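Student: Dropping a structure here in structure tokens format, bear with me for questions.
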Amino acid sequence: MTSGTSPGPEHENASPGPPGSADQDLASHAGLVSHASHASHASHVNRVRRGYLLVSGLDYFGDMLLTVTSVLLLQSLGMGSGAVFALIAAVWIVEGVSEIPTGILADLLGRRASVAISFVLRAVGYSALFFSGSVYVAAAGVLLSALGGTFASGALEAWAVDETGAKDPRGLDRLFAQGKIAENAGLVLGTLTGAALGTLDLALPQIVAGLTCALAAVLSLRLMTGRPAQQRPPASDGSPAPRHREAFAPRLRESFGEVMTGTRLTLRGDKVLIALIVAAALLWLFRGIPGVQWTVVYEGLVGGNLLVLGAMRSVGSLLEIPLLGWTLSLQKRRASARRTVIVTASTAGALALVCAAAVREPALSIVCYMCFSTAFGLCMPGVRAAMNERIDSGHRATVLSVASLFNSLFTGGGLILTGLAVGDLGSTALAWPLAAAGFGVAGLWVASLAVRPGTAPTTSTTGSTGPQEVRAP
């Protein structure tokens, strides 16, 4: 017989069932919660991935709509060769000078806001030429678009990495591989569409690019959402946490101070890294000179057929994909593959550019120019890898921004000098052989630096050292 305080056999378990069923229920509930949380996270990652791919494709599509027609349009407005070179040089300089400040603003304002601002500025800049035939409006639109591009530089990629998880290497590999496919698809479709529209009116691609950027701005605000942020804890004195806007100015000053300090600490004492930055900037310069002239040069050779020019630009980019796959397999077999690829690509590219300038057969000249364009793309992975091996992870973004700054300033300054020396945009007799020689020498210099042992550990993924395309205005 049991006492009044004893639970008795019928109350030994709080829940019905055999002994231990309560633990099983709790474990089952925890498993369901874990599964639901995992499913929710996977769904969020898939949404982020789709948004990243769509916005990336639109980004390249909008910019590449103008790659065939932009210089031809500027010429039709009455710009001489010196003015065209100077304007494109200004684009590079604006992008270089603005990259670090707009990158800091992207971190402070938020990635979604920064990307949306980028597309809005480009929408206004691109559309300006369609609604006005003034040379001054054209120049203002081009420079505004260049400034706008720097707001999205890195912000879209940083958002995608933050939201999908930076600690999953396989996931990041998949993300960036799909992103490259989306960018190439946008590049090819944009180039061909712009060429087709240009056959109707040289200004028509401008308004389509503006509308594309306006659509991308709306989609970026819609798609670039994040997981709910946690509430900020109150201050130690019990007062509410400071508003983001109130802390903006001191955070901005602190960020600029970190940029300068990090750059100085990383570059101090590493002469090879400094040489690599300069050599890579020279590669961008000697790639940029033919990149200004090629549409004018080949428009006459192909009888004014803009679709052929668009195909030229597209085929070169498509060829890079299987060739880059071959270089990856080569790197698995040979330790010195990086130097071999850079030396081979830069030498072949220099010879191809000389042939493109010298031969009179249009088809052969076009093939040679496409080989030169492809060679530049093959050099870049090794160059970026060599730089990142020498950069400490704590200052990686800072130094890569400095490298991008050098790329832009070197290319901008070099294009100004080239514009003064070249009297006719369609003349390759002086500019292309000099660019070929410089490209070959810079490639050999980079190759010799790229295999030297690094001085800093590499613990994070690489970033971009500059624009991946020679952007037309």
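The values are calculated or read from the model by the stated rules, or taken from the named source; none is laboratory data. Computed from a predicted structure; not experimentally measured. Every residue, glycine as well, gets a Cβ built from its backbone with ideal geometry; the counts of neighbours run over all protein chains shown. What goes into the accessible areas is simple: the full protein's heavy atoms, side chains included, and nothing from ligands, DNA or RNA. Shrake-Rupley method; radii C 1.70, N 1.55, O 1.52, S 1.80 Å.
Student: Give me the pairs: first residue in region 61-84 and within 20 Å of PHE119 (Cα to Cα), second residue not in a helix (DSSP H, G or I), beta-carbon distance under 6 Å, and six or more apart or on different chains, which are they?
Tutor: From region 61-84, the pairs are LEU66/ALA472; THR67/ALA472; SER70/ALA472; SER70/PRO473.
Student: Filter region 223-252 down to residues that are assigned to a helix (DSSP H, G or I) and touching a helix residue (DSSP H, G or I) at 6+ places or on another chain (Cβ under 7 Å) and give me whichever is modelled with the highest pLDDT.
Tutor: Among residues in region 223-252 that are assigned to a helix (DSSP H, G or I) and touching a helix residue (DSSP H, G or I) at 6+ places or on another chain (Cβ under 7 Å), the one modelled with the highest pLDDT is LEU223.
Student: When you go through VAL120, VAL124, VAL115 one by one, which is the residue that is under 16 Å from the mean Cα position of the chain (by Cα), of a type in the set (Val, Ile, Thr) and closer than 27 Å to SER314 by Cα?
Tutor: VAL115
Student: Can you list the helices (runs of 4 or more DSSP H) lying wholly within region 270-388 that have 1 or more residues being of a type in the set (Lys, Arg), more than 19 Å from SER448 (Cβ to Cβ) and at pLDDT below 85?
Tutor: Fully inside region 270-388 and qualifying: 306-333.
Student: Here's another thing I want to ask about it. Has region 450-457 got any residue that is outside any loop (DSSP other than H, G, I, E, B), surrounded by 19 or more Cβ atoms within 10 Å (Cβ to Cβ) and modelled with pLDDT of 80 or more?
Tutor: Yes, because at least one residue in region 450-457 is outside any loop (DSSP other than H, G, I, E, B), surrounded by 19 or more Cβ atoms within 10 Å (Cβ to Cβ) and modelled with pLDDT of 80 or more.
Student: Can I ask one more? Go through VAL272, VAL292, VAL315 for me and flag whichever is in contact (Cβ under 8 Å) with a residue 60 or more places away in the chain and open to solvent by 20 Å² or more (accessible area, probe 1.4 Å).
Tutor: From the options VAL272, VAL292, VAL315, the qualifying one is VAL272.
Student: Let me ask something else. What tally of residues in region 209-218 results from selecting those that are in contact with a Leu (Cβ under 9 Å, 6 or more places away or on another chain) and open to solvent by 40 Å² or more (accessible area, probe 1.4 Å)?
Tutor: So the answer is 1.
Student: Here's another thing I want to ask about it. Out of all the residues in region 135-144, which are surrounded by fewer than 22 Cβ atoms within 10 Å (Cβ to Cβ) and either of a type in the set (D, E, K, R) or touching a Gly at 6+ places or on another chain (Cβ under 9 Å) (or both)?
Tutor: Selection gives VAL135, ALA140, LEU143, LEU144.
Each row is one residue, and each column tells you yes or no for (1) closer than 25 Å to LEU319 by Cβ; (2) of a type in the set (S, T, N, Q); (3) without any contact (Cβ under 8 Å) to a residue 12 or more places away in the chain; (4) in a helix (DSSP H, G or I).
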residue: THR193; (1), (2), (3), (4): yes, yes, no, yes
residue: PRO205; (1), (2), (3), (4): yes, no, no, yes
residue: ALA214; (1), (2), (3), (4): no, no, no, yes
residue: LEU221; (1), (2), (3), (4): no, no, no, yes
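Student: Still on this model: Among the residues of region 188-204, is there at least one that is over 28 Å from LEU306 (Cα atoms) and modelled with pLDDT of 85 or more?
Tutor: no
Student: Pairs only if they're at least six apart or on different chains, beta carbon under 7 angstrom, first in region 378-390 and touching a residue at least 24 places away in the same chain (Cβ under 8 Å) and closer than 15 Å to LEU328 by Cβ, second open to solvent by 10 Å² or more (accessible area, probe 1.4 Å) and basic (Lys, Arg); list them, first residue then second.
Tutor: Correct list of pairs: GLY382/ARG338; ALA385/ARG338.
Student: Here's a follow-up. Please verify whether PHE119 is of a type in the set (A, V, I, L, M, F, W, C), buried (at least 24 other Cβ atoms within 10 Å of the Cβ) and assigned to a helix (DSSP H, G or I), treating the condition exactly as stated.
Tutor: In short, yes.
Student: So is LEU147 open to solvent by 50 Å² or more (accessible area, probe 1.4 Å), at pLDDT 90 or above, farther than 30 Å from VAL45 by Cα and within 18 Å of the chain's Cα centre (by Cα) or not?
Tutor: When the stated conditions are applied, LEU147 passes them.
Student: Another one. Does SER132 meet the test of being without any contact (Cβ under 8 Å) to a residue 24 or more places away in the chain and either surrounded by 20 or more Cβ atoms within 10 Å (Cβ to Cβ) or out of contact with any Cys (no Cβ under 8 Å at 6 or more places or on another chain) (or both)?
Tutor: Yes, satisfied.
Student: Name every residue in region 106-116 that is free of Cβ contacts under 8 Å to residues at least 60 places away in the same chain and of a type in the set (A, V, I, L, M, F, W, C), in order of residue number.
Tutor: Correct list: ALA106, LEU109, ALA113.
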